[in-house]
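Following: one structure in structure tokens, then a few remarks.
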Amino acid sequence: MYDPEELAEIREAKESWEEGTYGDTVDRFGEREEEFTTDTGGQSVDPLYTPADVADHDYREDAGFPGEEPYTRGVYSTMHRGRLWTMRQYAGMGTAAETNERFRYLIDEGSSGLSMAFDLPTQMGYDSDAAMAEGEVGRSGVAIDTLDDFETVFSGIPLDEVSTSMTINAPAAVLLAMYVAMGDQQGVPRSELRGTIQNDIMKEYVARNLYIYPPEPSMRLITDIFAFCAEEVPGFNTISISGYHIREAGSTAAQEVAFTLANGIEYVEAALDAGLDVDEFAPQLSFFFNAHNNVFEEAAKFRAARRMWAQIMDERFDATDPKSKQLKFHTQTGGSTLTAQQIENNVVRVAYQALAAVLGGTQSLHTNGKDEALALPTEKSVRTALRTQQILAHESGAADTIDPLAGSYYVESLTDGIEEEAFEILAEIDRRGGALEAVESQWVQRQIQDVAFERQREIEEGERVIVGVNEFRVDEEPEMDLEEVDPEQEAEQRERLEGVKAGRDDEAVEAALAAVREAARGGENVMPPIVDAVKAYATVQEVSDVFREEFGEYSPGR
Ligand SMILES: C[C@H](C(=O)O)C(=O)SCCNC(=O)CCNC(=O)[C@H](O)C(C)(C)COP(=O)(O)OP(=O)(O)OC[C@H]1O[C@@H](n2cnc3c(N)ncnc32)[C@H](O)[C@@H]1OP(=O)(O)O
């Protein structure tokens with residue numbers, strides 16, 4: 001990209017700067033650290049970057065233009081100038097009615113998409129009246145037992161006007177079926193439904209641990225969803241391949257990218273093995289990443305991930321539809337970076353993390369509430385979190401030009417570095433027989449644990465400064481006004497479920513569940529019978545139990 005002669009001059013001038021102007025000062029005063037590294041320690045950070053650091057860059061091949069391959073600069077041609085990212089605050093409160101209230105509040109305050117958090121029993125395919133559910137109903141999100149709960153959650157919310165993301169994995173097929181049934185009830189054509197189901201079982205095995213079935217049938221459920229959506233709900237994102245939890249478990253930024261894309265590759269291969277055509281399902285794959293504190297490293301990570309996915313889809317899978325190669329992603333600010341000490345400092349952390357996500361070209365963003373690591377966020381902290389996005393969108397200028405960090409010698413070098421490291425990890429995963437093998441043998445988990453352990457040591461020994469935790473401490477009682485879950489609501493939800501069960505047509509439920517079983521045993525797509533079952537008010541657990549009986553349950557460490 002640069003004239004070789006000019007480059008040689010720059011290199012020479014930099015050497016003389018290093019020896020003279022800079023070197024003299026370092027000799028006299030030193031620097032704050034012996035070695036500077038990126039937040040996750042993967043790359044050392046030089047004092048200064050120059051054109052020499054991007055000398056081997058080919059602008060068109062490595063950066064290109066927004067909306068064009070390799071999508072380094074963004075998946076859409078106008079990016080945030082054309083449409084701001086979706087402000088999508090993750091929420092789910094105890095009962096369906098409370099969740100409906102919070103959703104309406106968020107929409108009134110300017111949220112542009114919904115993101116539904118489910119309680120643990122729902123995420124594990126249990127109803128609120130199951131013994132396993134005791135003490136957990138409505139705690140970490142909303143309890144959904146039947147379509148009746150969905151009707152309450154979405155009351156007054158037209159599904160053709162708002163897109164909804166659902167953080168549901170093992171029982172994703174059932175909740176997707178409920179969303180489709182809800183749309184049918186509201187008279188919204190299926191082709192107009194917009195949203196995302198997380199549906200990412202691989203990262204449950206790696207980091208989040210909310211799995212039910214063994215890998216093979218889990219993959220079958222996922223590819224059935226891909227096929228069903230391609231036919232019936234083509235605008236829905238069928239999966240949100242998530243690096244977020246991998247990073248929360250302690251990975252580096254490069255590992256986050258590598259393990260997430262490796263899981264993506266595993267899904268594409270499973271779908272191809274199931275006989276789908278790559279361009280039929282790949283446009284609706286979506287991704288989900290974390291944003292930690294190092295603004296430049298994080299922005300570079302998003303750029304690298306886009307460039308890598310385009311290459312993988314092109315070279316490995318021969319995708320031809322441009323949409324198959326566009327890595328669209330949601331970002332959530334880093335939960336593990338929040339501190340209980342001086343809780344208001346979290347607002348500042350979240351703002352930097354959100355800036356990184358926007359500079360990195362995110363499609364959708366959740367900004368954490370300052371209290372989110374401790375409890376469900378209060379209405380006030382949710383509002384501040386949303387306002388953080390609105391200030392970024394309307395006051396900071398960060399959304400006014402596309403990929404503004406491109407061309408920064410530093411950020412381009414970081415982008416290259418993350419890409420290189422992540423491709424090396426992908427090659428190692430290939431050598432180990434693919435992502436599933438690497439996860440089942442615990443290799444992936446061990447890689448993450450090693451980094452997490454080292455990071456914890458650095459914090460404990462004061463090598464890594466966490467403001468308010470190991471430095472800049474104050475001696476004060478944390479002032480916290482945390483959201484509390486009403487203990488009565490568990491009993492209320494059980495009664496509600498009992499009422500639905502008493503009022504439904506049991507024979508219709510039996511027949512619908514039998515059809516689900518038949519599809520599970522045979523090769524038919526399981527989605528149409530699940531839609532029928534939820535319309536008959538079969539519960540999440542009743543459908544999940546059919547699969548438990550047919551597929552068995554997973555226990556790790558075979
Ligand atoms: C931690 C916690 C836990 O563990 O419990 C969690 O997991 S929370 C996990 C929470 N997860 C989430 O919330 C995941 C959210 N994910 C998503 O929303 C999706 O997967 C996403 C990342 C693809 C974003 O989808 P989205 O609908 O918000 O945004 P899109 O980018 O698809 O844009 C919406 C529509 O606008 C169009 N559009 C957007 N921008 C432009 C532009 N500049 N020019 C022209 N068109 C544009 C798109 O083509 C699309 O249209 P069209 O639709 O017609 O193509």
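Summary of computed values
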{"read-out": "Identity of the residue in region 170-201, closer than 20 Å to residue 283 by Cα and of a type in the set (S, T, N, Q), that ends up nearest to the ligand (Cβ to nearest atom)", "value": "196"}
{"read-out": "Flag if residue 426 is at pLDDT 95 or above and closer than 20 Å to residue 204 by Cβ", "value": "no"}
{"read-out": "Answer from 372, 298, 344 - the residue that is within 13 Å of the ligand (Cβ to nearest atom) and either touching a strand residue (DSSP E or B) at 6+ places or on another chain (Cβ under 7 Å) or open to solvent by 20 Å² or more (accessible area, probe 1.4 Å) (or both)", "value": "372"}
{"read-out": "Filtered residue count, region 34-66, keeping only those that are outside any loop (DSSP other than H, G, I, E, B) and within 23 Å of residue 320 (Cβ to Cβ)", "value": "4"}
{"read-out": "Failed criterion for residue 160 (all others in (1) more than 20 Å from residue 231 (Cα to Cα); (2) of a type outside the set (A, V, I, L, M, F, W, C); (3) open to solvent by 10 Å² or more (accessible area, probe 1.4 Å); (4) in a loop (DSSP other than H, G, I, E, B) hold)", "value": "(1)"}
{"read-out": "Considering residues of region 50-66 that are more than 16 Å from the ligand (Cβ to nearest atom) and closer than 30 Å to residue 248 by Cα only, the residue least open to solvent (accessible area, probe 1.4 Å)", "value": "63"}
{"read-out": "Residue selected from region 214-254 under the condition in a loop (DSSP other than H, G, I, E, B) and not small (Gly, Ala, Ser), by the criterion nearest to residue 38 (Cα to Cα)", "value": "252"}
{"read-out": "Residue list for region 135-153, filter: of a type in the set (D, E, K, R), part of a loop (DSSP other than H, G, I, E, B) and open to solvent by 40 Å² or more (accessible area, probe 1.4 Å)", "value": "136, 139"}
{"read-out": "Identity of the residue in region 67-106, open to solvent by 30 Å² or more (accessible area, probe 1.4 Å) and assigned to a loop (DSSP other than H, G, I, E, B), that ends up farthest from the ligand (Cβ to nearest atom)", "value": "69"}
{"read-out": "Extreme residue, nearest to residue 394 (Cα to Cα), among residues of region 107-134 that are surrounded by fewer than 23 Cβ atoms within 10 Å (Cβ to Cβ) and over 24 Å from the mean Cα position of the chain (by Cα)", "value": "108"}
{"read-out": "Flag if residue 259 is within 15 Å of the ligand (Cβ to nearest atom) and either in contact with a helix residue (DSSP H, G or I) (Cβ under 9 Å, 6 or more places away or on another chain) or open to solvent by 30 Å² or more (accessible area, probe 1.4 Å) (or both)", "value": "no"}
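The values are calculated or read from the model by the stated rules, or taken from the named source; none is laboratory data. All values derive from a computational prediction rather than experimental measurement. Note that each Cβ is placed from the backbone with ideal geometry, even for glycine, and that neighbours are counted across all protein chains shown. What goes into the accessible areas is simple: the full protein's heavy atoms, side chains included, and nothing from ligands, DNA or RNA. Shrake-Rupley method; radii C 1.70, N 1.55, O 1.52, S 1.80 Å.
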